[in-house]
Amino acid sequence: MSLIIKHLFIPTKSLCANFQQPLVRNITRYSTKSPVISSNNVLNSLTDWETLNKKKKVSKAMKAYLERAQEHDDFMKRQQFEYNIGKRHLANMMGEDPETFTQKDVDRAIEYLFPSGIYDPAARPLMKPPEEIFPARKAAEFDEAGRPHHYLFYTGKPNFFKVMFDAAENIQLSYIFEDKVLRKKATPDPDGTLNLSSSVWLTKDQLEQMLVENITDLEYDNFKLVMERLASLPYAYRHKEFIEKFRKSLGSQRFALEIPKPSYDDNGRAFITTYECLRKKARGDVTLRSPGTGKITINGKDLTYFDDIQSREQVVFPLIFTGMQDKVDVECNIEGGGPSGQAGAIRWGIAWSLRSFVDTDMLQRMQVAGLLTRDNRRRERKKPGQPGARKKATWKKR
Amino acid sequence: MLSRNWRHLCRRYSQAVTFRTNENSPAQQNDKQVGLFYTVNPDLCKQLFSHGGFPKSFMKQTKTFTETAIMVRQPALDLINCIRASDMDQPAIRYVLYGEKGTGKSLTLAHLLHYAHEDGFLIVHVPWVSEWLRRITRHKEMSNSQTREGLVDLPLDAAAWLIHFKSQNQKLLKSGNLKTNKEYVWSKREKTEVGSPLSDLVELGINRVKYACDVIDALVDEIKILSNNKQCKTFVAIDGFNSFFYPLTRLNTPTKRKVEPDEVTLTSSFMKITKNDWKNGVIVVTADELSVPEEHHESYLPRYLLYKKGFEHLDPFVPIQINRYSDKEFMTCVSYYRDRLWLRGPTEIEMELKFTSASNPYKFMEQCAPL
């Protein structure tokens, strides 16, 4: 019944806006009286009309945002669809099951089908899921009436400034707490410590990704300044959670890798072999045996395999650093490259094998000392028109 | 200032027990002194080694340390025991010292020379053969031999060696017991009679440089005869002996012809004395990589360095390898260097130095220099 009234009524409203008020009154009166339905129902029908009216009040900003969001969603959906199709094609081309074709297989297939000699890996052909390639977008920052959710919306970078405000507030809280401790109204946690040695602050890029906002170098410097200050306070451990959010641990991904358990040979000595010790053009493998006496064998010779002191020091450094110089025996087979490359490869191999024989604390220190990092530098090519990779001919006037 | 000196003195004497031995006579040394340093009397040092015998770098070090300290090492002790135990009536035994570069062959030889001097041997010592055959100084003098056709004389080198011989055997030559058994006619006016003292022969070679090479040849013959007659016992020590067998020397004749070692008169003389056709003598030679050019440094073994010819010339011989420092020797050397303030700094560097020098004595000495 009410629906009918509405249908009747809407055109009249639009046509004769002037008479709207009295007419409505009449009709409503009429309608309320004529049927035998409860007055509640009638009221409902009235609110319905009002919300409809409110919906029309969507702000222009909101409208534009919704349009953009819709567009982006469609785009992403299309991209996702194309990606899935492409993946299936690839799987068929490679003769594998499309259902179990993973991203890893995709990368492999692309490398196989589009071999590229381009030096920079970023410039080589790739096929990734669209969410990795297209940057994430912020969700709506304001409600339907166009009013921002965030109280710092008008700074332009609400997330960033929120972090800064929080940091400042934590600093203040720390000060207050310190005062309390001095007045003996509060007791600090005796076990509370903040260990920052094994992690670093997020880099600018990482921070930008986290906040979904672009920040300038100056702003990043300010961020670091504030965070350093907070971290340097004596009771900073109380804001550990907040601080940890902006730190990335140094060794996390490295030690997530499995450290192999040593195997045992006929004499009951633990040994571990690291293959693929690389540096420059040198390739080789290193075997560590424990317990040992510090005997080093390189291609069947002892340390005199290297003539220069520097190479010998390179080989010995991980052993001396960990204090294992007379507890293990080292055997290496190495070929290719020159002395410094070979020495570097052996150094890495020894350090990598030593992981199985040292405790986590030493592991952490080895990590910080750079023993577990591969040196992936290579010889730089010579450029035409100049005598070396970087060197230029002597400038001569004429 | 005074207190500082006291401190130094105290430090020195507190360590003195660990690395030094007071047994300064090689004849008395035994296994207890292995790895310890003993000091050579400066006067004796001057007498034995003033014309060579120590490597140059070691000479420099003795000057820095203001003393000549030699480490008592196992090969030297073994050799001394061997010499004592051997029967002097049998043909002379030949010992060949060999080892890697810088392990102390020359110093072992110097140690043995000290022993030979104490034991009353007549010493025939060639400090460094390459000095004659491979080192070309600006004033290198060469002449064709008068007596032997097609051979080359090195008169100045020969005279210098005679001076060395004279100073090393001062005592024996002065005593006048050694007399010549043959007559040598040098020219119309000059000749050496039968029964004239050996020192006259040496003096003649020094004064008349022209005949120096022939004098050496005669001297070698005389020494062999004297030894056979038991008038003296002889200790022959030649450092860098393999230089005699390297196919070429660096010498050129005035006609720009390359000279082979066999064509040098000195070579033939010292070949004679290293043969084992005489008695009452000891022959110690070293085979050293450093006495041949760098392209032949592939191996330090005598067979490689002496070539087939030298090997057959010396065969049979007793090879004695000189090794790098053992752990104990290395530690005494460290404390000696610390005493001489040649090595300073924390004790951790010793371990590192041991690795980087691979316990090679020469390398170790060199690497301590800037520390």
Would you mind working out the accessible area per residue for the range B:48-196, using a 1.4 Å probe, and quoting it in Å²? 47 Å²
Per 5 Å bin, what is the whole-percent P(r) computed from every C-alpha pair distance within the range B:62-208? 2, 7, 12, 15, 18, 17, 14, 9, 5, 2, 0
Take every Cα-Cα pair in the protein assembly as shown and report what % of them are more than 44 Å apart. 58 percent
Within a Gaussian network of chain B (alpha carbon springs, distance under 10 Å), most fluctuating of B:His296, B:His164, B:His139: B:His139
Given B:Lys182/B:Lys275; A:Lys392/B:Lys363; A:Lys63/A:Lys162; B:Lys191/B:Lys256; A:Lys104/A:Lys280, which pairs have Cα atoms separated by over 32 Å? A:Lys392/B:Lys363; B:Lys191/B:Lys256
Need the full-extension length gain, B:Asn323 to B:Glu190, defined as separation in residues times 0.36 nm minus the C-alpha distance. One decimal, nm. 42.9 nm
With every protein chain left in place, what is the accessible area of B:Ser335 in Å² (1.4 Å probe, nearest 10)? 30 Å²
With the cut-off at 19 Å, report for the range B:215-345 the share of all Cα pairs above it, as a whole percent. 62 percent
Return the Rg/Rh value of the range A:92-223, two decimal places, where both radii are evaluated on C-alpha atoms and Rh is the Kirkwood radius. 1.17
State, in square angstrom and to the nearest 100, the accessible area buried between chains A and B, both chains counted, probe radius 1.4 Å. 900 Å²
When a/c is below 1.5 the answer is rounded, else prolate if a/b is larger than b/c, else oblate, so apply that to the range B:133-208 with a ≥ b ≥ c taken from the square roots of the Cα gyration tensor eigenvalues. oblate
Once you order the gyration tensor axes a ≥ b ≥ c over the Cα atoms, which shape class does the range A:82-148 get: rounded for a/c under 1.5, otherwise prolate or oblate by comparing a/b with b/c? oblate
Give, ordered by residue number, each residue of the range A:319-338 whose 1.4 Å probe accessible area is reduced by a minimum of 40 Å² on adding the remaining protein chains to the chain alone. A:Ile320, A:Gln325
Computed D for the range B:15-54, Stokes-Einstein, Kirkwood radius over alpha-carbon pairs, 37 °C, 0.692 mPa s, to the nearest µm² per second, is 287 µm²/s
When only the heavy atoms of the protein chains count and the probe is 1.4 Å, how do B:Tyr184, A:Tyr151 rank by accessible area, highest first? A:Tyr151, B:Tyr184
Projected-area average for chain B over all orientations - Cα convex hull basis, square nanometres: 20.8 nm²
Once you keep just the Cα pairs under 8 angstrom separated by 6 or more residues, what percentage relative contact order results for the range B:153-307? 23 percent
Which of rounded, prolate, oblate describes the range A:199-313, given a ≥ b ≥ c as roots of the alpha-carbon gyration tensor eigenvalues and a/c under 1.5 marking rounded, otherwise prolate only if a/b is larger than b/c? prolate
Heavy-atom accessible area of the protein assembly as shown with neighbours in place, 1.4 angstrom probe: carbon+sulfur share in percent works out to 54 percent
GNM on chain B, C-alpha springs below 10 Å: top fluctuator among B:Thr180, B:Thr108, B:Thr347? B:Thr347
Expressed per residue, the solvent accessible area of the range A:68-199 in Å² (1.4 Å probe) is about 73 Å²
Among B:Ile163, B:Ile320, B:Ile349, determine the one that fluctuates most according to a GNM of chain B built with springs between C-alpha atoms less than 10 Å apart. B:Ile349
Shielding by other protein chains, B:348-355, mean Cβ within 10 Å: 4
Unsatisfied cross-links (Cα-Cα over 29 Å) in the set A:Lys128/A:Lys382; A:Lys87/A:Lys281; B:Lys272/B:Lys308; B:Lys63/B:Lys224; B:Lys210/B:Lys258: A:Lys128/A:Lys382; A:Lys87/A:Lys281; B:Lys63/B:Lys224
How do A:Lys162, A:Lys281 rank by accessible surface area computed with a 1.4 Å probe, from largest to smallest? A:Lys281, A:Lys162
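The values are calculated or read from the model by the stated rules, or taken from the named source; none is laboratory data. Computed from a prediction, not measured in an experiment: that's the story for all the values here. Note: ideal-geometry Cβ built from the backbone for every residue, glycine included; neighbour counts use all protein chains shown. Accessible surface areas use protein heavy atoms only, side chains included; no ligands, DNA or RNA. Shrake-Rupley method; radii C 1.70, N 1.55, O 1.52, S 1.80 Å.
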